[in-house]
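Worksheet: one structure, shown below.
The values are calculated or read from the model by the stated rules, or taken from the named source; none is laboratory data. Being a predicted model, the structure only gives us computed values, none of them experimental. So basically every Cβ, Gly included, is an ideal-geometry build from the backbone, and we count neighbours across all protein chains shown.
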Amino acid sequence: MNILQQLMARPVDVGLDADRLSAIPNFFGSYVDRGKLAGVSTLIARDGRIAHFETVGMRDTARGLPLEQDTIFRIYSMTKPITSLALMMLYEEGRFQLNHEVSRYIPEFKDLRVWDGGTPESYETKPCARAMTIRDLLTHTSGLTYDFMYAHPVDSMYRKAGIGGARTQGLTLKGMVERLAEIPLLFSPGEHWNYSVSTDVCGYLIEVLSGQSLDQFLASRIFVPLGMDDTGFSVPVEKAHRLATNYEKDPKTREVRVCDMGDETSSYVQPNSFLSGGGGLVSTQMDYFRFCQMVLNGGELDGTRLVSRKTLDLMTINNLPDGKTMKDMDNSAFSETGVDGQGFGLGFSVLLDQAAAQTTGSPGIYSWGGAASTYFWIDPAENLIAILMTQLMPSRAYPLRPQFQQLVYGAISD
């Protein structure tokens, strides 16, 4: 009997309605039938048991390859909680304080300045009101940004510098940091919430503090201990046939087309020098479930402890100043999840106000998603984990995430 078989439970035994769960693949199957998605995989676990694990559709439509339970997905920003946890493992070892200035460990960040008008070619800057701290990086209040925002001249400076998050080519993490140091911040650290390459900088901090490359640290401290055998920054050639093809929806024509093949020609089969702690990992449903279950268990899984329950308590409460929400502090109007009623912890969004978020669930849910429409959440009050995997960019092409939540919470029967 394999691990999945050992973990499977009858829905009724964990307080879930089997008929309502069976409606989930039918619901997402309608997206597949209409050609909007190639395939969708959904996993729901409660009380440490998997009550639902279904796949519908294809991992590659042109080749007629079905989506399977061991399919490998690009998880993009669902990398962020893993990298954040890795950094907090070093925090537990006393390697840094959250209020330490980032420049203490990354000297290139010592003289950062803030944008004060102009153009990308000719601009003014001003001093930061205060220095960037490590907590600013973990909460996306650092003043950094992403190249794909197309909302500010600083975004275009990232594009010119080749800083593209998970899409960065030809740089190392150190090289990215050196280029970031030459570009002004959008705002003084702590003033706003802005989705950014902050977690990529956290990845570099892990390298500085541990003396290991990010991939080595994640493998030795998280993936191997948890048995996450299919998670990493690249896909071995012998596993390339299990990688799902990634699709993108053209915003103008609404056409869905291939943007990265699920075979040995994929960019993920070729090792990249840039180890994106913010969005570079691939994983499977079962691997990511094991990570989530470890977190929900308070840092332990199958007798292996990665972090303390108290560290996770800190990571999964709102860490934004004065109890503010992401929307209160939002500078970009972009997030991989909604910002209404949501605070932000150290690597996760945190549900504060269900009415504002207009969602079922429980206060205290923590979650995040990825650019290819993947999503997960953990609900401690219901002892529940839900994960949706698919491969369609951009992440807001369809309302898959709120729909998945509606379907899951509609199946609770106890």
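Among the residues of segment 110-118, are any within 16 Å of R179 (Cα to Cα), modelled with pLDDT of 95 or more and among the charged types (D, E, K, R)?
For segment 110-118, residues within 16 Å of R179 (Cα to Cα), modelled with pLDDT of 95 or more and among the charged types (D, E, K, R): present.
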In segment 163-207, residues that are over 30 Å from D322 (Cα atoms) and within 22 Å of the chain's Cα centre (by Cα) total 12
Considering segment 244-254, residues that are hydroxyl-bearing (S, T, Y) and within 16 Å of Q391 (Cβ to Cβ), and then whichever is surrounded by the fewest Cβ atoms within 10 Å (Cβ to Cβ), we arrive at T245
For segment 396-413, the count of residues that are under 15 Å from W368 (Cβ atoms) and either free of Cβ contacts under 8 Å to residues at least 40 places away in the same chain or in contact with a Lys or Arg (Cβ under 8 Å, 6 or more places away or on another chain) (or both) equals 1
The residue that is surrounded by the most Cβ atoms within 10 Å (Cβ to Cβ), considering only those in segment 14-28 that are free of Cβ contacts under 8 Å to residues at least 60 places away in the same chain and more than 25 Å from the chain's Cα centre (by Cα), is V14
Of the residues in segment 140-162 that are at pLDDT below 95 and among the aliphatic types (A, V, I, L, M), the one that is nearest to the chain's Cα centre (by Cα) is M149
Filter segment 351-366 for residues that are surrounded by fewer than 23 Cβ atoms within 10 Å (Cβ to Cβ) and in contact with a Gly (Cβ under 9 Å, 6 or more places away or on another chain); the one that is farthest from A166 (Cα to Cα) is A355
Of those in segment 82-99 that are touching a residue at least 12 places away in the same chain (Cβ under 8 Å) and surrounded by fewer than 16 Cβ atoms within 10 Å (Cβ to Cβ), the residue nearest to F217 (Cα to Cα) is E92
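Here's the yes/no breakdown for (1) among the small types (G, A, S); (2) more than 30 Å from H152 (Cα to Cα); (3) assigned to a helix (DSSP H, G or I); (4) free of Cβ contacts under 8 Å to residues at least 40 places away in the same chain:
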site: V258; (1), (2), (3), (4): no, no, no, no
site: T265; (1), (2), (3), (4): no, yes, no, yes
site: N272; (1), (2), (3), (4): no, no, no, no
site: G278; (1), (2), (3), (4): yes, no, no, no
site: Y288; (1), (2), (3), (4): no, yes, yes, no
site: V295; (1), (2), (3), (4): no, yes, yes, no
site: G298; (1), (2), (3), (4): yes, yes, no, yes
site: S332; (1), (2), (3), (4): yes, no, no, no
Tell me yes or no: at least one residue of segment 118-135 is within 23 Å of T337 (Cα to Cα) and assigned to a helix (DSSP H, G or I). yes
Of the candidates S142, S103, the one satisfying the condition of being over 24 Å from Y268 (Cβ atoms), in a helix (DSSP H, G or I) and without any contact (Cβ under 8 Å) to a residue 60 or more places away in the chain is S103
Of the residues in segment 15-73 that are part of a strand (DSSP E or B) and among the acidic types (D, E), the one that is nearest to I3 (Cα to Cα) is E54
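Let's see how each residue does on (1) more than 17 Å from the chain's Cα centre (by Cα); (2) surrounded by fewer than 21 Cβ atoms within 10 Å (Cβ to Cβ); (3) among the small types (G, A, S):
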position	(1), (2), (3)
V256	yes, yes, no
D263	yes, yes, no
S283	no, no, yes
F289	no, no, no
T316	no, no, no
K324	yes, yes, no
D330	yes, yes, no
V339	no, no, no
F348	no, no, no
